[in-house]
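S.K.: Before anything else, here's the structure in question.
The values are calculated or read from the model by the stated rules, or taken from the named source; none is laboratory data. The model shown is predicted, which means the values in this text are computed figures rather than measured ones. Note that we place each Cβ from the backbone using ideal geometry, even for glycine, and neighbour counts take in every protein chain shown. Protein only, heavy atoms only, side chains kept; ligands, DNA and RNA dropped before computing areas. Shrake-Rupley method; radii C 1.70, N 1.55, O 1.52, S 1.80 Å.
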Amino acid sequence: MTARGRTTLRGWGNTTPSTARVAHLTSPTGPSDQLAAAGPRGSIARGLGRSYGDAAQNAGGVVLDMVATDGSLDLDTATGALTADGGVSVDEILRRVVPQGWILPVLPGTSHVTVGGAIACDVHGKNHHRVGSIGSHLASIDLVIPSGDTVTIGPNRDAHLFWATVGGMGLTGIISSATIDLRAIRSSRLRATTVRTSGLAATMDVLEQGDQRHEHSVAWVDLQQVSALGRGVVTFGDHAPPGDSDIAPGRRPPIVPRMPVSAIRPSTVGLFNELWWRRAPDRPRTRLTGISRFFHPLDGLAGWPRLYGPNGFVQWQMVVPDSAAPLVGAIAARLAAGEAPVALAVLKRFGPGNPAPLSFPIAGWTLAVDLPAGAASTAVLLDELDELVSGVGGRIYLAKDARLRRSLVARMYPRLGELDTIRAAIDPTRRMQSDLERRLLRSD
Amino acid sequence: MNDAFGRPQTALVLGGTSDIAVATLRRLAPTLERLVLAGRDIGALERVGSDVAACGDIAVETLEFDAAAPEHHAEVIESAAAFLGDIDLVLVAFGQLGAAFSLDTDPVDAAHIVAVNHGGAVSASLAAARRLAEQGHGTLVLVSSIAAFRGRIRNLPYASAKAGIDSFARGLDDALCGTGARAMVVRPGFVHTKMTAGHQTMPLAVDADTVAAAIIDGLARRRTVVWTPRMIGPLATILRSLPAPLWRRLSAR
Ligand SMILES: Cc1cc2nc3c(=O)[nH]c(=O)nc-3n(C[C@H](O)[C@H](O)[C@H](O)COP(=O)(O)OP(=O)(O)OC[C@H]3O[C@@H](n4cnc5c(N)ncnc54)[C@H](O)[C@@H]3O)c2cc1C
C-alpha cells in the first residue's frame, strides 16, 4: 500500500507496521547516494524481511531494498571462498554451490534470507555447537559506511568495525558484499537421525549427548501438552559420504491464503503436536535426507505466518547459559500455562559466542517459541520471562524481537556501548536508523 | 515505537486528568518512557503526572491545552513532539458533559458543549494524525460513548458530539490507511467517573479501569472499534431500534 510515495512494511510476524520510502539501488553510485539523500530519519537496509519484528523497517525514513535477484556470486572452487552481493539469498547460493561440492557453513531455518541479513543478525544454524555463527566464517565484508565510502573489513582488518557489523542490525552501514568460507561436502544428502522423547528432561539429555557425536542438532518440543511437557522430536544430522550431489529442483511450495481469523488455537496446536509427535518413530531412526528438507522444512509452506490471522505472531527466542539449564523447564511451564498457545517451540544447545558485541549466541540453551500476538496477557508473560532470562545472564534474539523493553537491552547485551562508540565515530549525523533502533538501541 | 502488542514508549494525552486516561496510563506504564499530559488545569495534570510516573520509569511533562481553542492545537502537538520525539500513542480523552439539557437550555451553551467535545476532538485529532502520518507510525485513540448511538435528552449536546467524534474517528482511520498510523475508537457504556458522579447509572456500567483494560486489549489486537463492556455493542443496536415512546420512558429515568 502506498501513500505519499511510501510503502507499509512489516516483519515476518506481521505485528509492527510502519511506512517508509523504499528505495532500490538503481543510482549509478548505488547505496552511497541514497544514504546522503535520505533526510532526517535516515536509512536502513532490508533484505528478505525474514526478521520477525521491526529490524528492517524505518518509519518515515528510507528503507533500502537490497534484494538482488541478479546479484553477483563468485565461487573460488579451489578454496571454497564465496563472494556474494549483500542482497543475494541463501537459496540462490545453495543452488549454485551445492552441485560443486560446497555448502554454506551456517544455515538458518529458512533459505529465504540474504547474505546482508544473515550477517547483520549474525545468524546461527543447527551446527552452532560445532562451528559458531556466520560471523566466524567471513573472510571479509564490503561495507558502505554512513559517509558513503566503501570499506573492506574483516577479522584482521578494522576488526572493531567488522565485529560491530556482524550482528549490528544494519546500523553500521550497508553490506554490499561479503566473502564467506564455505564448507566442503561430498554429497548433498544428510544422514538424519530422529529420536522421540517423552519429556523435557529427556529431550535435553538426548540433545546434550547427541551434540558430541553429530554436526547438526535441534529439537522440536511440545509445550502445549502439559502432562508431557517438553516431549519432543530431536533431529541430528551429518553430511553423508560421497554420493548424490544435486540439490532438489525448486518446487513451488503450496501457499497459505490470507485468513480473517487465526487458525492457531489451543485446540489446533494440541492436535498438531499430538500428530507430529506420534508421527515420529518411537525408536531412534537414521535416514538419508536432502538439504532443504533437513534445514528448511518451513520453506515447504509459503506464507505460513498467515495462519495466525490479521494479528500476526511473535517469536520469543532466548538463550541462557548452561549453568541456568533448570530455568528452561521453569520457562516452558510458564509458557504452557499462558493464555496463548505455543504454536511452535524449538530447543537447541549453543556453543561459545564470538567477539561481536551484539551477537546473540552464547554457550548454553536456546529456546524459540512462536506465539500468536493479540492477547495483552502474552505481552505481560513475555516481559516476566525476559526478566528471568536477563537475571541469569541470558538474552533475547533481536532478529526475532518485536516487544522487548529497552530497559533490559543493556543488561542482556552488556557490550552495547561498543556499537554506540563505533556509530558515534562513523555516523555522527545518524544516517542509519531503524524502527528497532528507535525502540531498543537509542539511548537519548 | 509501539511494540507487537501495540504498547507505546511515548504518549500524549489530551485531557490528561480524565479518569479513563489515568487508568489507561497506569496500565501502559511498563513500556512507557515519556509522557505529555495536556489539559486546562496544570496543577491537576501535575498531580496525575507524579501518580503515573511512580508506576514506572517515566519522564512526564504537562502542557496547556484548551479543546475550545483549535487555533492552538497544531502548536500543542508540536510542543508535545519536541519533548516526546516520535509520538507512539495519542489519547484523546477530554470531554465535558455540560448542564442538563432541555428545551430551555441556552443555544450558545449547547453549541459550546458541541464545540469543545466534537470540534476540539476533530481539530486536535487531525493535527495529531498529520504528525503520526509524517513519522510513519503511531496510534490515535478517541473516546466515543454509547451515547453516540442513542443519547438521553439530558445529555443531548454531549451525545450528539460523541456521535460526531465516533464518525470522525472511523473516517480518520480510513484516511490514515497506508500511512503506517491508525485510529481506534473506544465506545464505553456508562462509566463511573468524576464526570458522571451523581448521575443515574445505567445497566452494564463500567469503571475507568475496565475501559482502560479494553483499550489495552484493542491496541494489542489492532482493533478499529472497541466496545466496553463487550455486551454494549449488541445493546447499542437494540437501543437504536427501540420504538421512540419506549426509549423516552427508559431514558427519562
Ligand atoms: C522461518 C524462519 C527461520 C529462521 N531461522 C533462523 C535460525 O535458525 N537462525 C537464525 O539465526 N535466524 C533465523 N531466522 C531469522 C533470520 O535468519 C534473520 O532474521 C535474517 O536476518 C533474515 O534475513 P533477511 O535477508 O530477511 O533480513 P531482513 O529481515 O530484511 O533484515 C534483518 C536485519 O538485517 C539488516 N540487513 C539486511 N540486509 C542488509 C545489508 N545488505 N546490509 C546491512 N544490513 C542489512 C536489516 O537492516 C535488519 O536489521 C529465521 C527466520 C525465519 C522466518
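S.K.: Would you please state which residues of segment A:170-187 a label at residue A:152 would reach in this model, taking the label point 7 Å out along Cα→Cβ and a backbone N cut-off of under 20 Å?
M.R.: Only A:173-182 fall inside the zone, counting backbone N under 20 Å.
S.K.: With a Förster radius of 45 Å, plug the Cβ-Cβ distance of residue A:69 and residue B:29 into 1/(1 + (r/R0)^6) and report the FRET value to the nearest 0.05.
M.R.: Once rounded, the FRET efficiency stands at 0.45.
S.K.: What angle do you read, to the nearest 10 degrees and between 0 and 90, between the alpha-carbon axis of helix B:232-241 and the longest principal axis of chain B?
M.R.: That works out to roughly 40 degrees.
S.K.: Tell me the GluC sites (Glu not before Pro) within segment A:325-429 that lie in a loop according to DSSP and have at most 14 other beta-carbon atoms within 10 Å.
M.R.: A:339
S.K.: To the nearest 10 square angstrom, how much accessible area does residue A:163 have with a 1.4 angstrom probe?
M.R.: Result for residue A:163: roughly 40 Å² accessible.
S.K.: Which of the listed residues, B:49, B:94, B:233, is farthest toward the dipole's positive end in chain B, when Lys, Arg count +1 and Asp, Glu count -1 at the beta-carbon?
M.R.: B:233
S.K.: Quick check: the angle from helix B:120-135's long axis to the longest principal axis of chain B, C-alpha only, nearest 10 degrees?
M.R.: 30
S.K.: Taking amide H positions as placed 1.01 Å from N in the peptide plane, with prolines and chain starts having none, which residues 5 or more places from residue A:68, or on another chain, fall under 5 Å of its amide H?
M.R.: A:87, A:88
S.K.: What is the percent carbon and sulfur in the accessible area of segment B:74-196, measuring with a 1.4 Å probe over the protein chains and ignoring ligands?
M.R.: Its accessible area is 60 percent carbon and sulfur atoms.
S.K.: Find the centroid of the Cα atoms in segment B:227-253 and in segment A:86-142, then give the distance between the two in whole Å.
M.R.: 62
S.K.: Between residue B:175 and residue B:71, what's the calculated FRET efficiency when r is the beta-carbon distance and R0 is 22 Å? Round to 0.05.
M.R.: About 0.50, to the nearest 0.05.
S.K.: Leaving ligands, DNA and RNA out of it, report the carbon-plus-sulfur percent of the accessible area of segment A:93-149 at a 1.4 Å probe.
M.R.: 51
S.K.: Taking both sides together, what accessible area is buried at the A/B interface, probe 1.4 Å, expressed in Å² and rounded to the nearest 100?
M.R.: Roughly 2300 Å².
S.K.: If one computes the Cα centroid of segment B:61-78 and of segment A:279-326, what distance in Å separates the two points?
M.R.: 51
S.K.: As a test question: what accessible area, to the nearest 10 Å², does residue A:431 have when a 1.4 Å probe is rolled over all protein chains in place?
M.R.: 70
S.K.: In nm, to one decimal, how far is the modelled label at residue B:252 from the one at residue A:259, with both set 7 Å along Cα→Cβ?
M.R.: With each label point 7 Å from Cα toward Cβ, the separation is 5.3 nm.
S.K.: While we're looking at this one, here's another question. Would you tally the net charge around residue B:102, using a Cβ to Cβ cut-off of less than 13 Å, leaving residue B:102 out, and scoring K and R as +1, D and E as -1?
M.R.: In short, -1.
S.K.: Hey, another quick one. What lysines does residue A:400 reach when the alpha-carbon gap must be under 19 Å and sequence neighbours fewer than 8 apart in one chain are set aside?
M.R.: A:126, A:348
S.K.: Then there is this: In a shell of Cβ-Cβ distance under 15 Å around residue A:267, excluding residue A:267 itself, what net charge do Lys and Arg (+1) and Asp and Glu (-1) give?
M.R.: Around residue A:267, the charge tally is -2.
S.K.: What's the local net charge at residue B:64, with K and R +1, D and E -1, over the other residues with C-beta under 11 Å away?
M.R.: For residues surrounding residue B:64, the net value is -2.
S.K.: Another one. What is the list of residues in segment B:5-32 whose amide nitrogen lies under 17 Å from a point 7 angstrom out from the Cα of residue B:42, following Cα to Cβ?
M.R.: Only B:15-17 pass the distance filter.
S.K.: Still on this structure, please answer the following. May I ask you to list the trypsin sites (Lys or Arg not before Pro) in segment A:293-358 that are in a DSSP loop and have at most 12 other Cβ atoms within 10 Å of their Cβ?
M.R.: Answer in residue order: no site qualifies.
S.K.: So for chain A, taking the charge dipole from beta-carbon charges (+1 Lys/Arg, -1 Asp/Glu), which of A:234, A:115, A:391 sits furthest toward the positive end?
M.R.: A:234
S.K.: Would you mind checking which residues have amide H under 5 Å from residue B:62's amide H? H placed 1.01 Å from N; only 5 or more apart, or other chain.
M.R.: Answer set, sorted by chain and number: B:37.
S.K.: Leaving out ligands and nucleic acids, note down the accessible area per residue over chain B with a 1.4 angstrom probe, in whole Å².
M.R.: Heavy-atom SASA per residue in chain B reads 41 Å².
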